[in-house]
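See structure below.
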Amino acid sequence: MRTIDMATTPLRDLNSTLQAAAASGEGQWEIVNPKGSHAVAVGLDGPIAVTIKGSTGYYCAGMNKAAKIHVTGSVGPGVAENMMSGHVIIEGDASQYAGATGHGGLLVIKGNASSRCGISMKGIDIVVHGNIGHMSAFMAQSGNLVVLGDAGDALGDSLYEARLFVRGSVKSLGADCVEKEMRPEHVEILRDLLDRSGAEAKPEEFKRYGSARQLYNFHVDNAGAY
């Protein structure tokens, strides 16, 4: 494992080194002294493993593809934003819009996530071991959001075909989001995500939420919800 110390290595040099390593598939990396730096380990396009020892600022692991990124602390807004594939694991908490616009891969947050978690998600799988804030999964198009704790106001507002699984309470549902039947195929999807994210919970403890499909096309009776 190679170590990069951000106390002596500028952010631009760090990311250039990691991106080159990802392109050639060069093994395992450890980042020390991140000290809340922004945009750490972004744009990695290859199967390398990166461990960040500490907390980071906004857009950590953004645009990730194929890499496995493990943050031992907490992260600021936009972690794993526009993620394509790979794994991003956060040991602490995540600020706003975690996993926003993510197309694929698995984002695991072992603490809590703030507002707008999974906003406009497009295929990413997100597992939050704690709670999530308001407006999470807003306009979520596809993928899965799993929450072991509670969800805030307006969960799934204006979502499309994403699946939302919540074990705790939901403060309120957003426009066009409804509770749905938990069929056997959903239990298997959820079981797999819980296993892969190291979550100690049973699929049967969760409720599923999804789109009522009433906002797909304009209807004058729904004008107040647009």
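Summary of values
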| quantity | calculated |
| --- | --- |
| Under 5 Å, built H, 5+ apart or other chain: amide partners of residue 51 | 29, 30, 31, 70 |
| Additional length obtainable on full extension of the chain from residue 204 to residue 11, 0.36 nm per residue less Cα span | 65.0 nm |
| Residue 138 long-range amide H proximity, modeled H, under 5 Å | 119, 120, 156, 157 |
| Candidates 164, 11, 148, ranked by Gaussian network fluctuation over the chain, Cα under 10 Å, top entry | 11 |
| In degrees, nearest ten, helix 184-196 long axis to first principal axis of the chain (Cα) | 20 degrees |
| Those chymotrypsin sites (Phe, Trp or Tyr not before Pro) in the range 127-216 that DSSP places in a loop and that have at most 12 other beta carbons within 10 Å | 216 |
| Cα long-axis angle, helix 11-24 against the chain (0 to 90 degrees, to the nearest 10) | 80 degrees |
| Sorted by Cβ neighbour density within 10 Å, fewest at the top, the residues 150, 13 | 13, 150 |
| Longest segment of the chain lacking GluC sites (Glu not before Pro) that sit in a DSSP loop with at most 13 other Cβ atoms within 10 Å | 1-160 |
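Coordinate-derived values only; no laboratory data. Just so you know, these numbers come straight off a predicted model, no measurement behind them. Here the Cβ is made from the backbone with ideal geometry for all residues, glycine too, and neighbour counts use every protein chain on show.
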